[in-house]
């Protein structure tokens, strides 16, 4: 079960990164270019929200079945986990930062829906999706990604 969930989580992450990157670029371009907000923009923002939430749910399951997640803290203690950079990344930093990523994407999506005109819609998406993208990029386990 662990390897299957890890496989899904690792490869779904490529889709999430790609969609959030495209949605962020689209929001920035729309804001800077004073474009009209249309159905394509709505679908792109929504798809970024959906893929990110699915990835969060997969990651949550993985956190509880992975030897690098909660089991690592339970077996070694928080002091040992915090003292080891690899353990800390998988058990603490990656989960917390990815939760913040999901929160920022959710807030950005919710705020943009309440706006009535294009510029503020794109602005809300651009700000929150950019923050989410930067957070996501900061805590991807790049060493594992590059070995896949």
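Here are a few things to note about the model shown:
- Matching residues in segment 18-37 - criterion: being crowded, with 18+ Cβ neighbours inside 10 Å and either assigned to a helix (DSSP H, G or I) or without any contact (Cβ under 8 Å) to a residue 24 or more places away in the chain (or both): 19, 20, 23, 24, 26, 27, 30, 31
- Options 125, 137, 116; residue that is assigned to a helix (DSSP H, G or I) and surrounded by fewer than 18 Cβ atoms within 10 Å (Cβ to Cβ): 137
- Residue in segment 40-53 that is part of a helix (DSSP H, G or I), more than 19 Å from the chain's Cα centre (by Cα), free of Cβ contacts under 8 Å to residues at least 60 places away in the same chain and closer than 18 Å to residue 129 by Cα present: yes
- Number of residues in segment 64-86 that are part of a helix (DSSP H, G or I) and either buried (at least 19 other Cβ atoms within 10 Å of the Cβ) or within 15 Å of the chain's Cα centre (by Cα) (or both) equals 2.
- Selection from segment 104-113 of residues that are in contact (Cβ under 8 Å) with a residue 12 or more places away in the chain and either surrounded by fewer than 17 Cβ atoms within 10 Å (Cβ to Cβ) or out of contact with any helix residue (DSSP H, G or I) (no Cβ under 7 Å at 6 or more places or on another chain) (or both): 106, 107, 111
- Test: residue 109 is at pLDDT 95 or above and not in a helix (DSSP H, G or I): no
- Screening residue 57 with (1) without any contact (Cβ under 8 Å) to a residue 40 or more places away in the chain; (2) touching a helix residue (DSSP H, G or I) at 6+ places or on another chain (Cβ under 7 Å); (3) part of a helix (DSSP H, G or I) gives one miss only, at (2).
The values are calculated or read from the model by the stated rules, or taken from the named source; none is laboratory data. Predicted model only: the values in this text are computed from it and were never measured. Neighbour counts are summed over all protein chains in view; Cβ atoms, including those assigned to glycine, are modelled from backbone coordinates with ideal geometry.
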